[in-house]
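Asks: Got a structure for you, written out below as structure tokens; questions coming shortly.
Each value in this text was obtained by applying a stated rule to the coordinates, not by laboratory testing. Keep in mind that what you see is a predicted model, and the values were worked out from it rather than measured. Glycine gets a Cβ as well: all are built from the backbone with ideal geometry, and neighbour counts include every protein chain shown.
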Amino acid sequence: MIRLKRIEKTFRNGGVDTPVLKGIDFSLDEGEFVALMGTSGTGKSTLMNILGCLDRATAGQYEFDGRDVVALDDVELSRLRNEKIGFVFQQFHLLPRSSALTNVMLPLVYASQYPADARERAEQLLAMVGLKDRMGYLPGQLSGGQQQRVAIARALINRPRLILADEPTGNLDRQSALDILDLFSDLHRQGHAVVIVTHDQEVAARARRVLHMVDGRFEREEVRP
Ligand SMILES: Nc1ncnc2c1ncn2[C@@H]1O[C@H](COP(=O)(O)OP(=O)(O)OP(=O)(O)O)[C@@H](O)[C@H]1O
Ligand SMILES: [Mg+2]
């Protein structure tokens, strides 16, 4: 599904260059579950943003379903992101004045065609993440774990084949983190490809592949049978 070759990312600010990604090779098959680990500042979020088409690499190749992502213009890039990728952030990024239900439906507003069953889909997803009785609540009226579940439902509304989660349990207590993890395992079983950034061995233990990143490169990869 995804193939990265020699991906580099250098940030340029006021004449200062910060090289962050220094040649990343990465392939992801349909339906895989991969964990990405590494110390703070090593480039995990930078890589996730490139994978998620929220940012562009400075050099290298990125193919998604055989399409050359580097060659896409900004409109095509956001369409790809919207149709195929669901992104879950560490900070939940929910709209504070909109209900859980509206937050989940939001990505559909940007879809090329607004589906007739938008509301029904959002309700189903909120029920799936255990928030059937909280649909009308504002983010501020929900716990951290509940807000993250809203964010996951929102990431799924376009039925993406790829789910990217950047430390989705980083801000949660143990039990909420385990609940969220179970959700990602379920999604994986349903056939979604999942890439999850984590500092937690227990989280990584759920993945078949664990990639260890050091200083902008993949240092090693563990693969479980
Ligand atoms: N816009 C930017 N301009 C300059 N440098 C940046 C920018 N964004 C990130 N960096 C640098 O890139 C490096 C990697 O950042 P990144 O957020 O990818 O790390 P990370 O592995 O996700 O760390 P953490 O585990 O703390 O989230 C950091 O040293 C950071 O200072
Ligand atoms: Mg990060």
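Asks: For the chain, modelled as a Gaussian network with Cα springs under 10 Å, which listed residue fluctuates most, Gly15, Gly130, Gly23?
Replies: Among Gly15, Gly130, Gly23, the largest mean-square fluctuation in the Gaussian network model of the chain belongs to Gly15.
Asks: Next question. Rounded to the nearest Å, what's the spacing between the alpha carbon centres of segment 165-225 and segment 1-41? Just the number, please.
Replies: Cα centroid of segment 165-225 versus Cα centroid of segment 1-41: 16 Å apart.
Asks: If you build a Gaussian network model of the chain, linking Cα atoms that sit under 10 Å apart, which residue out of Gln90, Gln113, Gln147 swings the most?
Replies: Gln113
Asks: Okay, next question. Note down the relative contact order for segment 2-223 as a percent, whole number, built from C-alpha pairs under 8 angstrom at least six residues apart. List each step's numbers first, then the result.
Replies: Numbers: 416 pairs, mean separation 65.7, N = 222.
The value is 30 percent.
Asks: Net charge around His188, counting only other residues with Cβ within less than 13 Å of its Cβ (Lys, Arg = +1; Asp, Glu = -1)? Numbers along the way, then the final one.
Replies: On the way: positive: Arg161, Arg189, Arg206, Arg208, Arg209; negative: Asp29, Glu30, Glu32, Asp182, Asp186.
Result for the neighbourhood of His188: 0.
Asks: Separate question: Give the long-range amide H neighbours of Val88: residues separated by 5 or more places, or on another chain, with amide H under 5 Å away, using H modelled in the peptide plane at 1.01 Å from N.
Replies: Answer set, sorted by chain and number: Leu164, Ala165, Asp166.
Asks: Would you list, by chain and number, the aspartates and glutamates whose Cα falls below 15 Å from the Cα of Lys22, excluding same-chain residues fewer than 8 positions away?
Replies: Straight-line reach from Lys22, under 15 Å: Glu8, Asp215, Glu219.
Asks: Could you work out the per residue convex hull volume over the alpha carbons of the chain, in cubic angstrom?
Replies: 133
Asks: What are the ³J(HN,Hα) values, in whole Hz, obtained from phi via the Karplus relation 6.51 cos²θ - 1.76 cosθ + 1.60 with θ = phi - 60°, for each residue of segment 208-225 in sequence order, with x given for Gly and Pro?
Replies: 6, 10, 10, 9, 10, 9, 9, 6, x, 9, 7, 8, 7, 9, 9, 10, 8, x
Asks: Under a cut-off of 21 Å between alpha-carbon atoms, report the lysines in cross-link reach of Lys84, not counting same-chain residues fewer than 8 places apart.
Replies: Cross-link targets: Lys5, Lys44.
Asks: In whole Hz and in residue order, list the ³J(HN,Hα) couplings for segment 22-36 that follow from phi through the Karplus curve 6.51 cos²θ - 1.76 cosθ + 1.60, θ = phi - 60°; x for Gly and Pro.
Replies: Karplus-based 3J(HN,Hα) across segment 22-36 equals 10, x, 9, 10, 7, 10, 9, 8, 3, x, 6, 10, 10, 9, 10 Hz.
Asks: Of the candidates Met213, Met48, Met128, which one comes out as most mobile in a Gaussian network treatment of the chain with C-alpha springs shorter than 10 Å?
Replies: Fluctuation is largest for Met128.
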